[in-house]
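K.L.:
Can you read through this structure? Questions will come right after.
The values are calculated or read from the model by the stated rules, or taken from the named source; none is laboratory data. On a predicted model such as this, the values are computed, not experimentally measured, just so you know. All Cβ positions, even for glycine, are placed from backbone atoms using ideal geometry, and neighbour counts span all protein chains on display.
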Amino acid sequence: MSKITLRDVTPDDIPLILKFTAQLAKFERGTMTATAADMHARFFGDDAIATGVIAELDGKPVGSALYYFAFSSYTGRPILSLEDIFVNEDCRGAGVGKKLMAELSARAVKAGCLRMQWSAMEWNEDAIAIYKGLGATPSEGITYFRFSEDAMKALAAEADAS
């Protein structure tokens, strides 16, 4: 039986995080522009905002979960926001993803979080089924919005003009 172990991300894992993130971006039909310097700054720099867990199967890195803490103004409590979870395709079904989700849940509970949240591509029915099987429920009545960098800069220019 294979052994799954988890460990916190270290600076030496930046190339691995970039590799996993590139594979996830390709799967999700997205574009990845992050660099090693970007990742190092966000995980280990003076203004670090993210952290993560590396999953190993029999000592070989096969997946990761990258997350950060957000805040609920309604409750005054933190929220664990899962940014990305990735498991190598040839290791899916071995329990790696479930172990990562269980670990993040434990970290959220320890931090006093109100909830743990993440998003899934609407077309990724396999992932949605897995999440529901773990006890997750989709957020009803909520649509997540985002500004592109250009839209954000254009709106920020209005703030600067005031």
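K.L.:
If I ask for residues that are more than 21 Å from the chain's Cα centre (by Cα) and surrounded by 10 or more Cβ atoms within 10 Å (Cβ to Cβ), which ones from the stretch 119-162 would you list?
P.N.:
Result: 151, 152, 153, 154, 155, 156.
K.L.:
A further question follows. With the condition kept exactly as written, say whether any residue in the stretch 17-27 is within 17 Å of residue 119 (Cβ to Cβ) and in contact with a Phe, Trp or Tyr (Cβ under 8 Å, 6 or more places away or on another chain).
P.N.:
Yes, because at least one residue in the stretch 17-27 is within 17 Å of residue 119 (Cβ to Cβ) and in contact with a Phe, Trp or Tyr (Cβ under 8 Å, 6 or more places away or on another chain).
K.L.:
Restricting attention to the stretch 108-121, which residues are more than 19 Å from residue 87 (Cα to Cα) and free of Cβ contacts under 8 Å to residues at least 12 places away in the same chain?
P.N.:
Of everything in the stretch 108-121, those that are more than 19 Å from residue 87 (Cα to Cα) and free of Cβ contacts under 8 Å to residues at least 12 places away in the same chain turn out to be 109, 110.
K.L.:
Which residue pairs have Cβ atoms under 8 Å apart, sit 6 or more places apart or on different chains, and have a first residue in the stretch 139-162 that is within 30 Å of residue 128 (Cα to Cα) and of a type outside the set (A, V, I, L, M) and a second that is loosely packed, with under 10 Cβ neighbours inside 10 Å and modelled with pLDDT under 90?
P.N.:
Partner pairs satisfying both residue conditions: none exist.
K.L.:
Here's a follow-up. Need at least 1 residues that are surrounded by fewer than 16 Cβ atoms within 10 Å (Cβ to Cβ) and not charged (D, E, K, R) per element, so show me which strands (runs of 3 or more DSSP E) inside the stretch 1-118 make the cut, counting only ones lying wholly within it.
P.N.:
Qualifying strands (runs of 3 or more DSSP E): 4-8, 60-72.
Here's the yes/no breakdown for (1) among the charged types (D, E, K, R); (2) closer than 25 Å to residue 129 by Cα:
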{"position": "15", "(1), (2)": "no, no"}
{"position": "26", "(1), (2)": "yes, yes"}
{"position": "40", "(1), (2)": "no, no"}
{"position": "46", "(1), (2)": "yes, no"}
{"position": "56", "(1), (2)": "yes, yes"}
{"position": "79", "(1), (2)": "no, yes"}
{"position": "92", "(1), (2)": "yes, yes"}
{"position": "114", "(1), (2)": "no, yes"}
